[in-house]
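The values are calculated or read from the model by the stated rules, or taken from the named source; none is laboratory data. The shown structure was predicted, so the numbers you read here are calculated from the model rather than taken from an experiment. In this analysis, Cβ positions are derived from the backbone assuming ideal geometry, glycine residues included, and neighbour counts consider all displayed protein chains.
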Amino acid sequence: MLLNEGKDFYNNRAIGASENAVDTTNGYFLYSNGTDSPALGHDRSDFEGDGTGGNKIVASVTNNTGTHEMIVTGELASTEGNTPGAITKFLLVNDSTTGKAIAEHEFDEVTKNSQVEAYFTLKVKLEDDSE
């Protein structure tokens, strides 16, 4: 789910302009074993208050202003993220410590241990469905 702050992040990256610019130097994925469902008004404190999280993953952000597409990827190596042991959701933020919540996603539990690598990918693209 693209959250309220996410529209400005997306506009900066994929369209090239935003009324309320959000810093887009880096993206970071936070992950958790929380159980709260994503909601449009969620912010970073809502996410961090739900479940046990792990370290941040530096994300790679690529964009194409011609196609209005943004792709954000992050990797959690087998040696990383083995606490909390299970991952059920991620939050994309635009800063490692105080960043704004961009997008939140919930998924079936993934058991995370030293035998498992995890990859997070968020793809956002505007398309015209009016035809």
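Listed values, structure above:
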| item | result |
| --- | --- |
| Cβ pairs under 7 Å, 6+ apart, first in segment 85-97 and closer than 18 Å to Thr62 by Cα and charged (D, E, K, R), second assigned to a loop (DSSP other than H, G, I, E, B) and at pLDDT below 85 | Asp95/Asp23 |
| Pair list, Cβ under 8 Å, 6 or more apart: segment 27-39 residue touching a residue at least 60 places away in the same chain (Cβ under 8 Å), other residue hydroxyl-bearing (Ser, Thr, Tyr) | Gly27/Ser60; Tyr28/Ser96; Asn33/Thr52; Asn33/Thr88 |
| Qualifying residue in segment 29-51 (condition: at negative phi and at pLDDT below 75) | no |
